[in-house]
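Submitted below is the structure of interest, expressed as structure tokens.
The values are calculated or read from the model by the stated rules, or taken from the named source; none is laboratory data. Computed from a prediction, not measured in an experiment: that's the story for all the values here. Cβ: placed from backbone, ideal geometry, glycine included. Neighbour counts: every protein chain shown.
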Amino acid sequence: MSNLPIDDTGMQLERRSKSRRDVDAERDHLLHLLMQLPGAIACLDRDWYFTFVNPEAMRLFRLTPELIRTRNHWEIFPEKLGTEVERVYRSVMETGRPAYIEYHCVPLDVWLDTHILPIEGGVALFCHDVTDRKGAEMLRDSAARRLNQVLEATTDAVVSINREGNFTFLNRRARELLAAKGDLLGKNVWQEFPAANHLGAYRYHFDRALTEGIASEFEEYYPEPLNLWLAIQLRPFDDGVVVFFRDMTARRQATATLTRQQELLSVVQQAARVATWDIDCATGKVTFGDGSYPVFGHPLESLPHFGAFKKIVVPEYLPVIAACTKAAIETGEVIVQEFQVRAADGSILWLESRGQAVMKNGFPISLRGITLDIHERKKSEEALRQRQAETERQRAELETIYQTAPIGLSLFDPVEFRYLRVNDRQAETIGLPREQILGRPITEIAPIDGLIDLFRQAVGGHPVKNHLLEGELATRPGERRFWNVSYSPVANSDGTVAALAAAVLEITNQKKAEAALVQSEKLAAVGRLASSISHEINNPLEAITNLLYLTSLDPGLPQHLQEYVHAAQSELSRVCQIATQTLRFHRQAVRATRVTAAELVDAVLKLYAGRLANSAITVDAKYASDTPILCFENDIRQVLNNLIANAIDAMRQGGRLVIRAHNAKHSRAGHTAGRDGIRITIADTGTGMSPAVRARIFEPFYTTKDLNGTGLGLWISEDIVKRHQGHLTFRTTEHPVHHGTVFSLFLPLEETL
């Protein structure tokens, strides 16, 4: 029994020891977590010496163990003394109340989001680097200011209305158009413009934009006090609706007047059997007035140019038409002439034309006039010849049409769908002689999914009309083609199906042309946009340049400010050169000029002088040729601009830009002798191009620069070089040691451009 107290004491000591170990383990665990946290954490004692710094704080504050041991916080960061940062830090240390501050740390060049918390024996700092966020906020504020400037300058009226219907913004043009209502900011749109409640379009589109988020456009009239026709666009946003509108009153009145005049003219022309026309002297294009009567016996759209018109004129009147045209141009007087044309139905019509030349600066630009129907169409053709002879003639005609038709025609048996007949066009489409086609089933010639189902549908009494068929023929495997097909059953006298008739029109080239047209429209839009932007910025640039010039003339301007002004003038001059070049890129040069390689390249290098000076790129340009070549100078500079810009972009971390020019010969296919010219090479030490990039490098709209590139540069460059009958090639490598890209541009000395 006497041993029990001793055992109980030992157990208590063991429990306390375990408790201390648990506390130590928990402390170590917390310390480990603090060391792993992504934020910077540091603890300071009351003498402002660091007692704890996690790795992120060491990195962010650029601390070393030596600094921590030997210096306190204010000795390490003396620039904080006397600032708001010192005041906040000391306040927490003295009062024990936590605080927060966001400030720019100058020596570290970072923005810090800092929480200062009181702890036993000092304070703790919790910091995050918010430099990126602050930069985004500054960019946002700058963008907002620029947007407000644009809205004030635009010719459209712009207002924003919140969800309660109150005006929150009106630009200059909106204030002008709505001036009759005074200051509208903060006022309710439906109270200020009550008539809009009763005009269905306004309320309907506004409510739909607010409740459904649907943008809309419409035109509507608003009565007193505005009395305006307005073209309105509503665009919903989180806080309400943005409204763009413009005054369309004058245009609506002009359109209404023009419509009435056109309707009256159309009635007169139809009643009088008259056509009005305008012929462009340069192109021969014919434009008929609205409401013109088809006096020529052909649809007016079938006569798009003067050449088509001459084809329907009876041959003996062609010299007369030519003489009248010449007289109208030479005399400028109204010329009247009667003549005959052959109508679409084969009849001969008598017509009378009255025309006059339209002159500009002494040169004829068009012929304008009217044509009247002065003869009834011929009576019906004479009675048909003997039915047998006529039938034979028609059969021969139909056979000729069948064999020479520009679309593929064929006939199949209705059971196994074997070829019974094919015309020349269908044999050409298949790619086999007629004798190798007849008797074979369609599945051997055109193994296309779903084709047999279409045949069975047609044989079953449901003709197939204008069906788009896509696939490959056995004679041309791997070639994807498109056809417009129609299949119809041919019935016997008893109603049974005797055969299946097929009409096939290949539209493969049309599909390709449609795709090419889409690309062409995109490029045209890009060109117009670039030209418009370049044109618009020239005026403000010129104004700034003039102001700087006047400033530089001030004799009292200090020397260091003179230097700043000269530097600004130099940079503005470079901006003007870039804007001018951009505008020239969209314009076609009138004629070619002679220029050397050095003149071409140096002009482009000057545009990038500032960018190159601020990069780690060294330029090595040497010209072994001073031979001038005949070219469109701006176009070739555009090519060099694209190549040099791409080379600079490929060397983000620096490198060498090597440019060489020398006389060279280039051989073309089918020519034994090479052409004399110059070769310009542009080499960079960038990363090189992958095989996937190489394969598509000259495709339009293909870019490796994400939003910073249009993907048009090399495609346009290649086209320019081809127009100059030159040659553009490249080689590239991604080798770990020797990497980069070399573009080689050959331009002939003498060539027809």
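With the structure loaded, tell me whether A344 is within 30 Å of E428 (Cβ to Cβ), at pLDDT 85 or above and of a type in the set (A, V, I, L, M, F, W, C) or whether it fails that test.
Taking the combined requirement at face value, the residue satisfies it.
A further question follows. Scan the stretch 104-139 residue by residue and report those that are crowded, with 16+ Cβ neighbours inside 10 Å and either among the small types (G, A, S) or assigned to a loop (DSSP other than H, G, I, E, B) (or both).
Of everything in the stretch 104-139, those that are crowded, with 16+ Cβ neighbours inside 10 Å and either among the small types (G, A, S) or assigned to a loop (DSSP other than H, G, I, E, B) (or both) turn out to be G122, A124, V130.
Further question: Output the number of the condition that E56 fails; it satisfies all remaining conditions of (1) in contact with a strand residue (DSSP E or B) (Cβ under 9 Å, 6 or more places away or on another chain); (2) outside any helix (DSSP H, G or I).
All conditions pass for E56, except number (2).
Then there's this: Only one of these conditions is not met by K511: (1) outside the structural domain of L420 (by TED's automatic domain parsing); (2) closer than 27 Å to E444 by Cβ; (3) modelled with pLDDT of 85 or more. Which number is it?
It is condition (3) that K511 fails.
Within the stretch 63-70, is there a residue that is outside any loop (DSSP other than H, G, I, E, B), at pLDDT 90 or above and surrounded by 12 or more Cβ atoms within 10 Å (Cβ to Cβ)?
Looking through the stretch 63-70, none of the residues is outside any loop (DSSP other than H, G, I, E, B), at pLDDT 90 or above and surrounded by 12 or more Cβ atoms within 10 Å (Cβ to Cβ).
For the stretch 186-195, state whether one or more residues are charged (D, E, K, R) and in contact with a Lys or Arg (Cβ under 6 Å, 6 or more places away or on another chain).
Checked against the condition, which is being charged (D, E, K, R) and in contact with a Lys or Arg (Cβ under 6 Å, 6 or more places away or on another chain), the stretch 186-195 yields at least one hit.
List pairs: first in the stretch 63-76 and closer than 19 Å to V123 by Cβ, second outside any helix (DSSP H, G or I) and charged (D, E, K, R), Cβ under 9 Å, 6+ apart or cross-chain?
Close Cβ pairs (under 9 Å, with a partner that is outside any helix (DSSP H, G or I) and charged (D, E, K, R)) amount to N72/D45; N72/D47.
Report every pair of residues separated by at least 6 positions or lying on different chains whose Cβ atoms are under 8 Å apart, first residue within the stretch 115-135 and in the same structural domain as Y103 (by TED's automatic domain parsing) and on the phi > 0 side of the Ramachandran plot, second surrounded by 15 or more Cβ atoms within 10 Å (Cβ to Cβ) and in a helix (DSSP H, G or I).
From residues that are in the same structural domain as Y103 (by TED's automatic domain parsing) and on the phi > 0 side of the Ramachandran plot, the pairs are G122/M93.
Here's a follow-up. Would you point out which residue out of V459, V504 is closer than 24 Å to D424 by Cβ and of a type in the set (A, V, I, L, M, F, W, C)?
Answer to the check: V504.
Would a scan of the stretch 671-681 turn up a residue that is modelled with pLDDT of 70 or more, among the small types (G, A, S) and surrounded by 11 or more Cβ atoms within 10 Å (Cβ to Cβ)?
Yes, the conditions are met somewhere in the stretch 671-681.
Still on this model: Only one of T496, T443 is hydroxyl-bearing (S, T, Y), exposed (fewer than 14 other Cβ atoms within 10 Å of the Cβ) and either assigned by TED's automatic domain parsing to the domain that holds S410 or in contact with a Phe, Trp or Tyr (Cβ under 6 Å, 6 or more places away or on another chain) (or both). Can you tell me which?
Of the residues listed, the single one that is hydroxyl-bearing (S, T, Y), exposed (fewer than 14 other Cβ atoms within 10 Å of the Cβ) and either assigned by TED's automatic domain parsing to the domain that holds S410 or in contact with a Phe, Trp or Tyr (Cβ under 6 Å, 6 or more places away or on another chain) (or both) is T496.
So, R46, is that one out of contact with any Ser or Thr (no Cβ under 6 Å at 6 or more places or on another chain) and on the phi > 0 side of the Ramachandran plot or not?
no
Further question on the same structure: Any residue in the stretch 713-725 that is of a type in the set (D, E) sitting within a Cβ distance under 6 Å of a residue that is at pLDDT below 90? List the pairs, counting only those 6 or more apart or interchain.
As it stands, the answer is E718/F698, since those pairs meet every condition given.
If I ask for residues that are small (G, A, S) and touching a Leu at 6+ places or on another chain (Cβ under 9 Å), which ones from the stretch 211-241 would you list?
A215, S216, G240
Another question, then. Surrounded by 19 or more Cβ atoms within 10 Å (Cβ to Cβ), of a type in the set (G, A, S) and not in a loop (DSSP other than H, G, I, E, B), is that true of A661?
yes
May I pose another question? Which count do you get for residues in the stretch 270-324 that are over 21 Å from A357 (Cβ atoms), in contact with a Phe, Trp or Tyr (Cβ under 6 Å, 6 or more places away or on another chain) and assigned to a helix (DSSP H, G or I)?
Of the residues in that region, 2 qualify.
Turning to a different aspect of this structure: When you scan the stretch 303-332, how many residues do you find that are within 48 Å of the chain's Cα centre (by Cα), polar (S, T, N, Q) and exposed (fewer than 13 other Cβ atoms within 10 Å of the Cβ)?
Of the residues in that region, 0 qualify.
Taking strands (runs of 3 or more DSSP E) that fall entirely within the stretch 592-657, which contain at least 1 residues that are touching a residue at least 60 places away in the same chain (Cβ under 8 Å)?
Because the criterion is at least 1 residues that are touching a residue at least 60 places away in the same chain (Cβ under 8 Å), the strands (runs of 3 or more DSSP E) in the stretch 592-657 that meet it are 629-631.
Take the residues in the stretch 333-342 that are of a type in the set (A, V, I, L, M) and buried (at least 17 other Cβ atoms within 10 Å of the Cβ); name whichever of them is nearest to V358 (Cα to Cα).
Only one residue fits best here, namely I335.
Sticking with this one: Is it the case that some residue within the stretch 325-348 is of a type outside the set (A, V, I, L, M), assigned to a loop (DSSP other than H, G, I, E, B), in contact with a Lys or Arg (Cβ under 8 Å, 6 or more places away or on another chain) and touching a residue at least 24 places away in the same chain (Cβ under 8 Å)?
Yes - at least one qualifying residue is present in the stretch 325-348.
Answer yes or no as to whether E428 is over 16 Å from Y487 (Cβ atoms) and of a type in the set (D, E).
yes
Would you mind stating whether P463 is under 48 Å from the mean Cα position of the chain (by Cα) and loosely packed, with under 11 Cβ neighbours inside 10 Å?
No, not satisfied.
Can you tell me which residues in the stretch 599-628 are among the polar types (S, T, N, Q) and out of contact with any Lys or Arg (no Cβ under 6 Å at 6 or more places or on another chain)?
Correct list: N614, S615, S625, T627.
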